[in-house]
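Read through the structure below, which is laid out as structure tokens, and then see the notes.
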Amino acid sequence: MELIKSKSSVSDCVIFMSAYKSNYSRKKMISFYKNKSEKKSEILNKHHISSILIDDSFFTVDGILKFEPNHDAYHQKTSFEFKLINEKDDIDKFQKYLKETKWCLSLKHSVEILLDPFKFEVSSFINMESFLIFINNRKLQVDPIIFFINEVMFICFELINFDTREPFNKDEIYGRSNNYNVKIIKEMQFFGTEEIITVNKKIPDIIFENINSLLQDILRDRFVLDNTSFLHNLFVISDFVEDMSTYFQDVLGEKITNMQLDNISGHDSFNYFSQEYLGVVTLADGQYKTDVLWDTQVLEILKMYICLNQIINYDLTLDLKNTLDEKMHTEQLLFMSRVPIITVKAITNMQNTASFERYKESINFKISYLTMYYERRKNRNALLLNVLLYVISFIGSVGTFQILQEEFGLSFKISFIALTSVFFLLGVIWIYLERKK
């Protein structure tokens, strides 16, 4: 079965995007360096991974190369160089893997230009082999790419009709029924094998679980997956969209009233519109397609990253301190200063979306609730402490019995009753006032 190469010359490009955040640490990825070359190749082949770019190392099935990037912030240029680690290797055998890294370098360059380098880091790139899915009597090829930004795993893939050999166009993703981020896939098949695998999962989940299994092998079973949050998004780049508002509603599958669509682009070569779960670019000049594709995709990634942080902060963060810290982190991202105008416009556009406002209000409500909860718990603890001090004070006042006996000639029994009555009356009044407060 022959692998189909995506055509870069087609007028439409549809990219299905997903973001996943889990509680593992990329620092443990260092264990991958300690594996023998045979072991690395075995792990990569097992998970249908052709290459991984981590920091300054490029791991492939056939060996390792050293990766040396150099970003010139002044001229906004990024240069790259790959060097042999083993001098006995032949650089020619790595050519097919180097071609695979073109998207990694383009993405890394766009991130360095459009996002604050002190707040965003692209840590890893993973090239996973294409595979086939079978759905509604159709055979579709999935071309996935995977990368990590600030420990968030991003999964992007294109779909190609295997029979017509044409990639999906902008008119094939109308409504939820045609959103392949959320459709359940029954069967799949990797190229180079006759085995058809029953999966009953969504395409992003298939890729996500495969990468998690890869990380588990790399981290030698020290990888524990827990509390995963995710977010899906669609990204379309086309030569022409007749009515942008209607197109957004058709793709999202909802009639949205008062939807505000502002052109984020500041260039005549393209128009860029973005809302919850969908971003659309129309090109006026096709010669800039590659640059526009990666730059606007990075802005969609930024939108997803901030939205995913809001979801995690509301749904999964339990204590007040971490909730406030995450809110401050999100607020800092909204006020990034080392970014170009288009990034500022994209952030402003995102802040005006209904989902951003909804999660912002939800987080503020959560903070108010947690503040009241901790205040009530603090008041309860203070009440118990005061009761304890009150009892201790009563025990300490037993010494006043002698004064009552000597000054007023009262017996011990009468002195005890009088003192107890006074403490009891004052205690009732104090407890009443505390409960009322």
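The values are calculated or read from the model by the stated rules, or taken from the named source; none is laboratory data. Note that the structure is a prediction, hence the values are computed from the model and not measured. Note that we place each Cβ from the backbone using ideal geometry, even for glycine, and neighbour counts take in every protein chain shown.
The table below lists the values:
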item: Boolean, Ile145 is in contact with a Cys (Cβ under 6 Å, 6 or more places away or on another chain), of a type in the set (A, V, I, L, M, F, W, C) and not in a loop (DSSP other than H, G, I, E, B); result: yes
item: Residue list for segment 258-294, restricted to those being among the acidic types (Asp, Glu), closer than 19 Å to Lys170 by Cβ and touching a helix residue (DSSP H, G or I) at 6+ places or on another chain (Cβ under 7 Å); result: Glu276
item: In segment 156-193, residue nearest to Trp103 (Cα to Cα) [restricted to those that are of a type in the set (D, E, K, R) and either under 23 Å from the mean Cα position of the chain (by Cα) or part of a strand (DSSP E or B) (or both)]; result: Glu158
item: Residues (assigned to a strand (DSSP E or B) and under 16 Å from Asp90 (Cβ atoms)) located in segment 52-67; result: Phe58, Thr60, Gly63, Ile64, Leu65, Lys66
item: Check on Ile149, under 26 Å from Asp243 (Cα atoms) and buried (at least 19 other Cβ atoms within 10 Å of the Cβ); result: no
item: Residues that are in a helix (DSSP H, G or I) and over 16 Å from Ile49 (Cβ atoms), drawn from segment 87-97; result: Ile91, Asp92, Lys93, Gln95
item: Residue check, Glu331 more than 18 Å from the chain's Cα centre (by Cα), in a helix (DSSP H, G or I) and surrounded by fewer than 14 Cβ atoms within 10 Å (Cβ to Cβ); result: no
item: Total residues in segment 194-211, condition over 24 Å from the mean Cα position of the chain (by Cα) and hydrophobic (A, V, I, L, M, F, W, C); result: 3
item: Qualifying residue in segment 375-387 (condition: modelled with pLDDT of 85 or more and charged (D, E, K, R)); result: no
item: Qualifying positions in segment 118-141 - farther than 18 Å from Asn200 by Cα and out of contact with any strand residue (DSSP E or B) (no Cβ under 9 Å at 6 or more places or on another chain); result: Phe118, Lys119
item: Condition check for Tyr174: crowded, with 19+ Cβ neighbours inside 10 Å, closer than 22 Å to Leu278 by Cβ and not polar (S, T, N, Q); result: no
